[in-house]
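In what follows, a structure is listed as structure tokens, so that the remarks can point back to it.
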């Protein structure tokens, strides 16, 4: 079946511009995560959506970052007034809700470059 | 959230068994241990998950001692294509998805 889809795969923009990154999770998965990965580093947790609950935004690095998830499916991560330090790969993952929980399934990310 | 510690890198040769150990001294009662594999320009991919003792699937084995303060991922007879970064995570599986902290992972280099 289809996996997690992210778009665009690459994004180059100028400092100060706003960007929107999109994630289409696996159908039926109610949990959705956003991570950021800088070159050669591990993944940095950003935000987590679980069903209709309020999202866990504790990982967002500043108020320039926001995310929403419409209809419990597609999610958009928005970065306003981008800075060069925002350059990274942004990864989205989804998992199935269940009593035992499920491992996360990742997309291949959006590579964001701020000039 | 439990913090994990792994070796930064490991080298191996094709056909050898590779064991990567992860320390998680403050693992909580509800925490499961999950391992992911990541290739360049790709998102991480789930390998194996366990709670205690030993878990085996078609790809790897996971050994967890009784105190659960560490775990070992075992990759049998590695090939060049197993060269990747391997992440160990602990988290509460019961919430239907858990906020996780990925460390820097272990970079495995498999040589011919």
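The values are calculated or read from the model by the stated rules, or taken from the named source; none is laboratory data. Bear in mind the structure is a predicted one, so any value in this text is a computation, not a measurement. Please note: Cβ atoms are built from the backbone with ideal geometry, for glycine as well, and neighbour counts cover all protein chains shown.
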Residue A:48 being at the interface with chain B (Cβ under 10 Å from one of its Cβ atoms), without any contact (Cβ under 8 Å) to a residue 24 or more places away in the chain and crowded, with 18+ Cβ neighbours inside 10 Å: yes
As an exercise: evaluate residue A:68 against (1) more than 26 Å from residue B:41 (Cβ to Cβ); (2) surrounded by 16 or more Cβ atoms within 10 Å (Cβ to Cβ); (3) within 12 Å of the chain's Cα centre (by Cα) and give the number of the one condition it does not meet. (2)
Per the filter on segment A:43-58, residues closer than 21 Å to residue A:96 by Cα and outside any strand (DSSP E or B) are A:51, A:52, A:53, A:54, A:55, A:57
Given the criteria at pLDDT 95 or above, more than 13 Å from every other protein chain (Cβ to nearest Cβ) and crowded, with 18+ Cβ neighbours inside 10 Å, does residue B:108 qualify? yes
Name, by its number, the condition in (1) part of a loop (DSSP other than H, G, I, E, B); (2) more than 8 Å from chain A (Cβ to nearest Cβ); (3) at pLDDT 90 or above that does not hold for residue B:29. (3)
Subset of segment A:11-37 [in a loop (DSSP other than H, G, I, E, B) and more than 9 Å from chain B (Cβ to nearest Cβ)]: A:14, A:15, A:16, A:17, A:18, A:25, A:26, A:27, A:28
Scope segment B:51-88; condition within 10 Å of the chain's Cα centre (by Cα) and either over 17 Å from residue B:18 (Cβ atoms) or within 13 Å of another protein chain (Cβ to nearest Cβ) (or both); matching residues: B:62, B:85, B:86, B:87, B:88
Within segment B:25-59, residues out of contact with any strand residue (DSSP E or B) (no Cβ under 7 Å at 6 or more places or on another chain) and under 24 Å from residue B:78 (Cβ atoms) come out as B:40, B:41, B:42, B:56, B:58
Members of segment B:32-69 found to be exposed (fewer than 14 other Cβ atoms within 10 Å of the Cβ) and in a strand (DSSP E or B), listed by number: B:53, B:54, B:56
Which listed residue, of B:43, B:50, is at pLDDT below 95 and farther than 23 Å from residue A:38 by Cβ: B:50
Quick check, is residue A:71 within 24 Å of residue B:105 (Cβ to Cβ) and not in a strand (DSSP E or B)? no
Taking the condition modelled with pLDDT of 95 or more, touching a strand residue (DSSP E or B) at 6+ places or on another chain (Cβ under 7 Å) and crowded, with 17+ Cβ neighbours inside 10 Å, does residue B:89 pass? no
Based on what the data block shows, is residue A:40 within 24 Å of residue B:91 (Cβ to Cβ), within 11 Å of chain B (Cβ to nearest Cβ), modelled with pLDDT of 85 or more and outside any strand (DSSP E or B)? no
Residues that are farther than 29 Å from residue B:30 by Cα, free of Cβ contacts under 8 Å to residues at least 12 places away in the same chain and facing another protein chain (nearest Cβ under 9 Å): does segment A:68-91 have at least one? no
